[in-house]
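Worksheet: one structure, shown below.
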Amino acid sequence: MIDALPTPLPHNPLETLANWLDEATRRAVQPNPNAMSVATVDADGTPSIRVVLLKALVADPGYVVFYTNYRSRKGRAIEANPEVACCLHWDALGLQVRLEGVALPSPAEESDAYFASRDAASQLGAWGSDQSQPLASREALIAQTLARGRELGLPDTTTLADVQPPEGALPRPPHWGGYRVWARAVELWVDGAARIHDRARWERSLARDTQGQPHPGVWRAQRLQP
Ligand SMILES: Cc1cc2nc3c(=O)[nH]c(=O)nc-3n(C[C@H](O)[C@H](O)[C@H](O)COP(=O)(O)O)c2cc1C
């Protein structure tokens, strides 16, 4: 069990996040150890939050990746305002990670590669759902998904269970892909006895060049009162 952050504090908090994620995965502490809440702000200033799966972590230069529908509520919010906040919590390990930064669409080739690695049913699901849009009934969603499968050249079936797209049959929908969340601030929190938790916050600059690409500065760490 981790009972405190090291002293001196680690240079790169995302390396610690990677270690904690490995530990949570190895010990199978929960069905989705990579579950991450992502908060966005809509164009009118309304905040919203939902769980996604953290699918990749690159500690240096420092971003995490999740996949979604770019036209979903979160996708539209990020288009209007790329500032997001993320949170991971492993209750069984007594650990929390908070991350703040900007979400930028992943390079198309990276999203293509991830989409190609998914099972065929999940690939069809990405085509079938206009995520966050109103839906008349579950039957309507299934019919819509099967119809899109037929449009993409899949055999005609009446149930989703019968759909078995051949490997590599479906391309990635253009409105579906990854976001890289570039960290500007990270907070690590370790549960402590008598509520004397251990907590520290790392911050760095995140300049963007003329193409919008981030150029992170050096991490600076500070312990915080819990
Ligand atoms: C454990 C768990 C994992 C999820 N993973 C994802 C994910 O990786 N991507 C995604 O788009 N939605 C995922 N969802 C669904 C989202 O929480 C959310 O319902 C959906 O993305 C629509 O959100 P939005 O309307 O705010 O855009 C997951 C939900 C749960 C409970």
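We did not get these values from a lab; they are worked out from the coordinates using the rules stated. Model, not experiment: these values are computed from the prediction. Cβ sites come from the backbone with ideal geometry, for glycine too, and all protein chains shown count toward neighbours.
Looking only at the stretch 176-226, how many residues end up being in a loop (DSSP other than H, G, I, E, B) and either of a type in the set (D, E, K, R) or buried (at least 18 other Cβ atoms within 10 Å of the Cβ) (or both)?
4
Can we say R50 is farther than 25 Å from V190 by Cβ and assigned to a loop (DSSP other than H, G, I, E, B)?
When the stated conditions are applied, R50 does not pass them.
Select from the stretch 36-76 the residues that are in contact with a Leu (Cβ under 9 Å, 6 or more places away or on another chain) and more than 20 Å from T25 (Cβ to Cβ) and write down the one among them that is farthest from the ligand (Cβ to nearest atom).
It comes out as D60.
Within the stretch 62-91, track down each residue that is in contact with a helix residue (DSSP H, G or I) (Cβ under 8 Å, 6 or more places away or on another chain), not aromatic (F, W, Y) and not in a strand (DSSP E or B).
G62
If you check A28, A39, A24, which single one turns out to be out of contact with any Phe, Trp or Tyr (no Cβ under 8 Å at 6 or more places or on another chain), of a type in the set (A, V, I, L, M) and outside any strand (DSSP E or B)?
A28 is the lone residue from the list that is out of contact with any Phe, Trp or Tyr (no Cβ under 8 Å at 6 or more places or on another chain), of a type in the set (A, V, I, L, M) and outside any strand (DSSP E or B).
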